[in-house]
Amino acid sequence: MLLTLAAGRRMLFFGGKGGVGKTTVASAVALAQARAGRRVLLVSTDPAHSLGHLWQRAIGPEPRALADNLQAVEIDPAATVDAHLRQVGDSLRRLMPPHLAGEVDRHLALSRDAPGMHEAALLERVATLVHDAPHDHDLLVFDTAPSGHTARLMALPEMMAAWTDGLLRRQERSARFGAALRNLGGDDGVAERAIGGVAAPGTAGDRDQAIRAVLERRRHLFAHLREAMADPQATAFVVVLAAERLPVLETIEFQASLEAAGVHVAALVVNRRSPADAGGFLAGRRAQEQVHLDTLDAALPSIPRVELPLLAEDVVGEAALARFAALLEGAG
Ligand SMILES: Nc1ncnc2c1ncn2[C@@H]1O[C@H](COP(=O)(O)OP(=O)(O)O)[C@@H](O)[C@H]1O
Ligand SMILES: [Mg+2]
C-alpha cells in the first residue's frame, strides 16, 4: 500500500515522534522508488539529522548521490537561517539608500533570534526545493522533524503567504507615497529629473520595483508550496508510530493539527510490531500493542494503516534498507 501510494505521488512527507522509524521508512520508500526508475530526492528537515548515519555517508545542504536515481539533502535550520539572512541582507543593502546600511544590519541581527525565524528559513528552502524539483526529480521524500514542529511547519505556508501579501500592500502604498513625494520634488527625484527624468540605477523608483520583485517571488514560492501540499493527488503525508500508548495518543492529536492545517494524512505506518511467535514475552507485548491499535482504529478509522515487524538487527546501509523496503511491499 505504501509503495503504491508513493508511486502515484510527487511529494511524500514522513512525520511522527522521535525514534519511531521516520528516517528508516522514508529512506526505504525513497530507495524502492529510485530502484523502480523514478528520480528521487530524499530531504531531511529534522535538525537531528540521521540520514547520514543510516546511509553511512556524509550528507549536506546540497543534493548528494546515495544510489542510482537517489539523491539526498539535509537542511540544517541554523545554517539555513544564516544563508537566508545573508541573502536578505545583500538584497536589502542593494535596495536601501547607503545611509541605512547600519539599520539593515541591526534589523538582521535581531531577526536571527526572532520567533519563527528557523521555521521560516526552513520553509523557504523547502519551497525552493519543491519549486525547482520538477527539473531534476520525479519524487521528493521528506523526512521531517518530530510531530509538533512539523505541524507548525505545515501551517506556515499559509501564514507566510498572508504575511508576504501584507508586505506587498504596504510596499505598494509606500511606493505610491514615494512617487507622490518625488513629483513634489521632495525626494531624490529632484536628482533624477536633473539627469533627464529617467530613473537611474539605485533610485527610489528602482528600489520600489526591486523590493516588489523579491516579495512577488516569495509569494509565488509559498503559494506554490501550499497548493502542492494541499493537493492529495500530488502529495501524501504519512505518520510513522509505535503501537504504544503515548505515540498512539500523539498520532491522533498530530493528525488533527495536520488536518487543521489543510494537510490530509494518507497513511499510518505502525513500526516495530512485536512478533506473535517469538516467545511469551513478545506475544504479551503484541497483545498489549493491539489494545493501543484498537484505540487508533477507533479514532482514525478511515486512514489506511500498515504494520512493520520489530527486527532483531538495526537497519543500516543500502542493502538493509532494500530488505526493509521488501517488508513494506509484503505489508501491503
Ligand atoms: N522495524 C524496526 N526494527 C528494528 N529496528 C528498527 C526498526 N525501524 C527502525 N529501527 C531502528 O530504530 C532506530 C531509530 O529509527 P529512525 O528511523 O532513525 O527513527 P526516527 O527517524 O523516527 O527518529 C534506528 O536505529 C533504526 O535502525
Ligand atoms: Mg530521523
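The values are calculated or read from the model by the stated rules, or taken from the named source; none is laboratory data. Nothing here was measured: the structure is a model prediction, and the numbers come from that model. Using ideal geometry, Cβ is built from the backbone for each residue, glycine included, and neighbour counts are taken over all protein chains shown. Note: areas computed on protein heavy atoms with side chains; ligands, DNA, RNA excluded. Shrake-Rupley method; radii C 1.70, N 1.55, O 1.52, S 1.80 Å.
Rounded to the nearest 500 deg cm²/dmol, what is the calculated helix-only ellipticity per residue at 222 nm for the chain, with -39500 (n - 2.57) per DSSP H run of length n ≥ 4? Mind dumping the intermediate values first?
Numbers: 12 runs with 194 residues, N = 332.
Taking each H run of at least 4 residues, the total per residue is -19500 deg cm²/dmol.
When ligands, DNA and RNA are left out and all protein chains stay put, how many square angstrom of accessible area per residue does the stretch 206-304 have with a 1.4 Å probe?
On the way: 4870 Å² over 99 residues.
For the stretch 206-304, the per-residue accessible area is 49 Å².
Read phi for every residue in the stretch 315-325 and hand back ³J(HN,Hα) as whole Hz from Karplus 6.51 cos²θ - 1.76 cosθ + 1.60, θ = phi - 60°, with x for Gly and Pro.
9, 9, x, 4, 4, 5, 5, 5, 5, 5, 5
Of all accessible surface on the chain at a 1.4 Å probe, what whole percent is carbon and sulfur? Spell out each step's value before the answer.
Values: 9070 of 16110 Å².
In the chain, the share of accessible area belonging to carbon and sulfur is 56 percent.
Starting at the first residue of the stretch 65-80, write each ³J(HN,Hα) from the Karplus equation 6.51 cos²θ - 1.76 cosθ + 1.60 with θ = phi - 60°, in whole Hz, x for Gly and Pro.
Taking θ as phi minus 60°, the curve returns 6, 10, 7, 4, 6, 10, 10, 9, 9, 10, 8, 9, x, 5, 5, 5 Hz for the stretch 65-80.
Where does each of 284-294, 217-227 land if you order them by average Cβ count within 10 Å, highest first? Could the numbers behind the result be given before it?
Numbers: 284-294: 15.3, 217-227: 18.0.
Taking the mean over residues of other Cβ atoms within 10 Å, the ranking is 217-227, 284-294.
If amide H atoms are built 1.01 Å from N in the plane of the peptide, which residues on other chains or at least 5 residues away come under 5 Å of the amide H of Ala278?
Those lying under 5 Å, H to H, from Ala278 are Ala283.
Tell me, what ³J(HN,Hα) does each residue in the stretch 26-31 have, in order and in whole Hz, if you take phi through Karplus 6.51 cos²θ - 1.76 cosθ + 1.60 with θ = phi - 60° and put x for Gly and Pro?
4, 5, 5, 5, 4, 5
What residues qualify as long-range amide H neighbours of Leu42, i.e. H under 5 Å apart, gap of 5 or more or another chain, H built at 1.01 Å from N?
Here Gln71, Ala72, Val73, Val141 satisfy the definition.
Which value in Å does the Kirkwood hydrodynamic radius of the chain take, with 1/r averaged over all unlike C-alpha pairs and then inverted? Intermediate values should be presented prior to the final figure.
Values: mean 1/r = 0.0451 Å⁻¹.
It works out to 22.2 Å.
Where a ≥ b ≥ c are the square roots of the eigenvalues of the C-alpha gyration tensor, would you call the stretch 228-332 rounded, which needs a/c under 1.5, or, failing that, prolate if a/b is larger than b/c, or oblate? Walk me through the numbers before you get to the answer.
Numbers: a/c = 2.50, a/b = 1.32, b/c = 1.90.
Oblate, since a/c reaches 1.5 and b/c is not below a/b.
What number comes out for the charge environment of Val238, summing +1 per Lys or Arg and -1 per Asp or Glu over other residues with Cβ under 12 Å away?
Numbers: positive: Arg9, Lys22, Arg305; negative: Asp143.
Neighbourhood net charge equals +2.
With a 1.4 Å probe and all protein chains left in place, how much accessible area per residue does the stretch 19-74 have, in Å²?
Details: 2110 Å² over 56 residues.
Per residue, the stretch 19-74 has 38 Å² of solvent-accessible surface.
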